[in-house]
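Undergrad: One structure follows; several queries about it will come next.
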Amino acid sequence: MGMNDMIHFFRQMSGRLGSNIYAGVQGHANMQNISFIRQLQKEVKESNCLDTPLHELKVVVFDLETTGFYPEKGDRVISIGAIKMTGQQIKETETFYSLVHSPGSLSDEISVLTNISDEDLQSAPLDSEVLMEFFRFVQDHALVAHHSKHEQSFMQKMTWDLLKTRFEHRIIDTSFLLRLSNPSIKSLPLEVVCKECGIEIINRHHALGDAKLTAHIWGHYLELAQMKGYKTLREVYEYLAKIR
């Protein structure tokens with residue numbers, strides 16, 4: 001029986017066995033999670049994605065669907081989607097997707113936009129379980145996201161609220177590479193960039209669908225960077241710093 005199965009078992013049995021036993025098992029699971037995250041943070045700090053050759057660079061491209069834009073005001077994550085890449089190669093079979101449990105109600109606007117219902121979220125895994133599974137999927141890879149400040153703010157709050165530790169993973173915004181072709185670019189909607197790259201827009205506003213679209217964008221501009229002669233992310237950073 002895995003740790004999550006044990007927690008669910010003791011949660012169901014807590015009325016008969018007493019809350020102290022359940023709390024002890026839950027506390028042990030949380031300590032295991034914190035230990036894993038601390039080791040992962042150490043590995044993240046030791047990894048060097050900036051000097052890895054671009055064709056060998058391993059990243060996880062991810063996307064969050066949320067109830068709004070402000071986690072500090074109570075907006076929350078309702079789904080996480082991610083896909084792995086090595087260089088320009090998208091690992092189609094190495095994906096992550098999960099809804100995130102929520103006891104509250106979604107606005108009609110968000111429900112229609114994401115095609116997620118209140119019933120879907122009520123039966124979804126707990127946020128702590130989803131977060132840990134996401135970290136296990138990501139390991140020490142750098143993350144890539146479109147409009148990454150949105151993803152970063154929610155990941156920072158979730159990690160602190162649930163694990164009382166800081167979110168340490170590097171997140172690279174797609175606009176970083178987009179600026180190689182147009183230095184004035186700051187932010188463009190995902191669908192606009194897809195059209196400019198000739199990428200078919202499928203499953204928009206689905207966390208995994210958007211992660212896959214973002215992966216195609218990242219691959220497109222990573223290839224462009226190499227065609228321009230850049231060998232590492234550090235070389236790109238140094239060039240962009242000069243033209244600001």
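Undergrad: Just name one of 220, 150, 47: the one whose Cα is farthest towards the positive end of the charge dipole of the chain (beta-carbon charges, Lys/Arg +1, Asp/Glu -1).
TA: 47
Undergrad: In whole angstrom, how far apart do the alpha carbon centroids of the stretch 195-244 and the stretch 32-81 sit?
TA: So the separation of the two Cα centres works out to 18 Å.
Undergrad: Another question, if that's okay. If I take the Cα coordinates of the stretch 167-211 and project them onto the principal axes, what are the three extents in Å, biggest first?
TA: That works out to 31, 27, 12 Å along the principal axes.
Undergrad: Classify the stretch 193-244 from the C-alpha gyration tensor, please: rounded if a/c falls under 1.5, else prolate or oblate depending on whether a/b exceeds b/c.
TA: Here the stretch 193-244 falls in the prolate category.
Undergrad: Among the listed pairs 42/157; 186/242; 45/149; 157/186; 91/149; 149/212, give every one whose C-alpha distance is greater than 22 Å.
TA: 157/186; 91/149
Undergrad: Same structure, new question: Roughly how large, in nm² to one decimal, is the mean projection of the convex hull of the alpha-carbon atoms in the chain? Provide the component values of the computation, followed by the final result.
TA: Details: hull surface 58.6 nm².
Mean projected area for the chain: 14.7 nm², to one decimal.
Undergrad: Let me ask another. One-quarter of the Cα convex hull surface for the stretch 67-117, in nm²?
TA: Values: hull surface 19.9 nm².
Taking a quarter of the hull surface, the average projection is 5.0 nm².
Undergrad: Using 0.36 nm times the number of residues separating residue 149 and residue 42, minus their current alpha carbon distance, what extension gain do you get?
TA: Answer, rounded to one decimal: 36.2 nm.
Undergrad: Please give the length that would be gained between residue 191 and residue 92 if that part of the chain were fully extended, namely 0.36 nm times their separation in residues minus their C-alpha to C-alpha distance (nm, one decimal).
TA: 33.6 nm
Undergrad: Relative to the Cα centre, what is the charge dipole magnitude of the stretch 40-184, using +1 at the beta carbon of each Lys and Arg, -1 at the beta carbon of each Asp and Glu, and rounding to the nearest 20 debye? Could the numbers behind the result be given before it?
TA: Working: 14 positive and 23 negative charges, 123 e Å.
Computed charge dipole of the stretch 40-184: roughly 600 debye.
Undergrad: Could you provide, to the nearest whole Å², the per residue accessible area of the chain with probe 1.4 Å?
TA: 53 Å²
Undergrad: Now for a separate question. Given the rule -39500 (n - 2.57) for each run of at least 4 DSSP H residues, summed and divided by the residues of the chain, what is its mean residue ellipticity at 222 nm, to the nearest 500 deg cm²/dmol?
TA: Working: 10 runs with 126 residues, N = 244.
It comes out at -16000 deg cm²/dmol, rounded to the nearest 500.
Undergrad: A further question on this structure: Taking the dipole about the Cα centre of the chain, with the C-beta of Lys and Arg at +1 and of Asp and Glu at -1, give me whichever of 182, 79, 236 is farthest to the positive side.
TA: 236
Undergrad: Can you give me the % of accessible surface on the chain that is carbon or sulfur? Probe 1.4 Å, all protein chains present, nothing else counted.
TA: 50 percent
Undergrad: List every DSSP H helix in the chain whose Cα atoms extend 15 Å or more along the helix's own long axis and whose mean Kyte-Doolittle hydropathy is at least 0.5.
TA: For the chain, where a helix must reach 15 Å along its axis and average at least 0.5, the hits are 127-138.
Undergrad: Based on Cβ point charges of +1 for Lys and Arg and -1 for Asp and Glu, what charge dipole magnitude is obtained for the chain about its Cα centre, in debye rounded to the nearest 20?
TA: Computed about the Cα centre, the dipole is about 840 debye.
Undergrad: In the neighborhood of residue 202, defined by Cβ-to-Cβ distances under 12 Å, what is the net charge if each Lys or Arg adds +1 and each Asp or Glu adds -1?
TA: Values: positive: 204, 212; negative: 191, 200, 210.
Computed value for this residue: -1.
Undergrad: Now a separate question. Expected output is a single nm value to one decimal: the length gained when fully extending between residue 244 and residue 115, i.e. 0.36 nm times separation in residues minus the C-alpha distance. What is it?
TA: 42.4 nm
The values are calculated or read from the model by the stated rules, or taken from the named source; none is laboratory data. Just so you know, these numbers come straight off a predicted model, no measurement behind them. Virtual Cβ from ideal backbone geometry, glycine too; neighbours counted across all protein chains shown. Please note that ligands, DNA and RNA were not included when accessible areas were found on the heavy atoms of the full protein model with its side chains. Shrake-Rupley method; radii C 1.70, N 1.55, O 1.52, S 1.80 Å.
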